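Taking it in order: structure first as structure tokens, then the write-up.
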Amino acid sequence: MVRVGIVGVTGYSGRELLRYLLRHPHVTLTYLAARRLSKPTPIRDIYPELAGRLNLDYRPFAVKEAAASADLLFLALPPGVAMTVVPALLNAGTFVIDLSGDYRLMSTRTFARAYGFRHRHPQALNDALYGLPELYREHLSHTRLVANPGCYPTAAILAAAPLVAKRLIAPDGIIIDAKSGVSGAGKSLKEELLFTEANEDLRAYKANDHQHMPEINQELGRLGRSRFQVVFVPHLAPMTRGLFATVYLRLKRRATASQVQRWYNTFYRDEPFVHVLPPPALPKTARVAHTNDCELAVRVVPGGRTVIALAAIDNLGKGAAGQAIQNMNVLLGFEETAGLQ
Ligand SMILES: NC(=O)c1ccc[n+]([C@@H]2O[C@H](COP(=O)([O-])OP(=O)(O)OC[C@H]3O[C@@H](n4cnc5c(N)ncnc54)[C@H](OP(=O)(O)O)[C@@H]3O)[C@@H](O)[C@H]2O)c1
């Protein structure tokens, strides 16, 4: 059994990791940590439903103790925190899967623009692998640091990848309209996330200014060997979890609906978690809730020059914790679906 730990276990992604790891056949939970406590405290005190199922304390996060207690750590921390501990964890020989954006962007200048502060330990950026198994599976077993993708980038990249990989899309030919449930913003207290503000409301935010936009540009650029500049408008949807991306892709040459459907089917043929739906079916967030699945559908606009690719994921599943477990499975040589079905 591999010993694993979660730092940020009191947050939404941390709780979801806990759910997946408790039923994982090849790992044992040995370390849980958060910030808002002064001494080790039984995990059942915050999650009473775990009484009798997990006899472990969660504790104030301490790097040395974490590295000594676990072979692999999931960091589910706010932006800017992981970078202060990752170098020490890597030096101690610990595998790290970081759910934040700290190690996703390759350029420190782009990072500073996206997140509003400078990267404090950019050295480890070279060691990090962008953890989208559908694109980087074969590299995952050679890394110690996985930068788990953002939720919006996961849906948008999976929706666009088959056409970008074929180099059929112009650099300015992608428009992403995406909606996320409120848990996407984490558990911290913010007025705009109060039930009374978010319920019965649909609103755009950070229109074309979201920190995930450079991440999407970077990864589509690597895949399509071009410099992409997507248009990206995220929205907050009045639901707890779920993320839906509608991606409009302008083709360089005409294609038919059956061609595009075939390209998507072929691209994702062997993927255990990406399901290309046959027409007329369309993705639904409710169907992928609490799973690591991504549902995809494609349509071609009459004229054959514009494709609409639609993707639904659970922002806490394929958008965060589920994908992190999938990455761990590949990294450690377990079957990719272990603990996720
Ligand atoms: N939510 C999503 O859908 C989603 C999707 C993809 C990626 N992500 C990324 O995943 C990360 C976690 O997101 P989340 O939504 O789960 O956040 P969250 O609900 O706000 O939880 C944050 C967690 O980090 C802990 N924490 C904060 N500062 C800490 C510190 N200095 N030392 C130790 N623990 C600390 C908090 O502990 P206390 O409770 O003790 O403060 C809490 O457990 C973020 O970087 C986010 O961008 C989130």
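The values are calculated or read from the model by the stated rules, or taken from the named source; none is laboratory data. Every value quoted in this text rests on a predicted model; they were computed, and no experiment measured them. When we count neighbours, we look across all protein chains shown, and the Cβ atoms used for this are built from the backbone with ideal geometry, even at glycine.
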Answer residue from the range 44-80, given it is within 12 Å of the ligand (Cβ to nearest atom), in contact with a Leu (Cβ under 8 Å, 6 or more places away or on another chain) and of a type in the set (A, V, I, L, M) and is farthest from Arg19 (Cα to Cα) among those: Val63
The range 168-208: number of residues that are over 20 Å from Phe244 (Cα atoms), more than 16 Å from the ligand (Cβ to nearest atom) and either among the acidic types (Asp, Glu) or crowded, with 20+ Cβ neighbours inside 10 Å (or both): 3
Qualifying residue in the range 249-261 (condition: assigned by TED's automatic domain parsing to the domain that holds Ile169 and within 24 Å of the chain's Cα centre (by Cα)): yes
Leading residue by the ranking (farthest from Val4 (Cα to Cα)) among those in the range 91-115 that are within 16 Å of the ligand (Cβ to nearest atom) and in a loop (DSSP other than H, G, I, E, B): Leu105
Restricting the range 120-141 to residues that are over 20 Å from the mean Cα position of the chain (by Cα) and not basic (Lys, Arg), the residue that is farthest from the ligand (Cβ to nearest atom): Gln123
Output for the range 292-341, where each listed residue is in contact with a strand residue (DSSP E or B) (Cβ under 8 Å, 6 or more places away or on another chain), β-branched (Val, Ile, Thr) and over 14 Å from Thr246 (Cβ atoms): Val300
Residues of the range 1-43 satisfying the condition of being assigned to a helix (DSSP H, G or I) and either within 24 Å of Gly181 (Cβ to Cβ) or within 11 Å of the ligand (Cβ to nearest atom) (or both): Tyr12, Ser13, Gly14, Arg15, Glu16, Leu17, Leu18, Arg19, Tyr20, Leu21, Leu22
Qualifying residue in the range 105-128 (condition: of a type in the set (D, E, K, R) and within 27 Å of Trp263 (Cβ to Cβ)): no
Of all residues in the range 297-321 being in a loop (DSSP other than H, G, I, E, B) and free of Cβ contacts under 8 Å to residues at least 24 places away in the same chain, the one that is surrounded by the most Cβ atoms within 10 Å (Cβ to Cβ): Val301
Condition check for Thr240: assigned to a strand (DSSP E or B) and either surrounded by 14 or more Cβ atoms within 10 Å (Cβ to Cβ) or within 14 Å of the ligand (Cβ to nearest atom) (or both): no
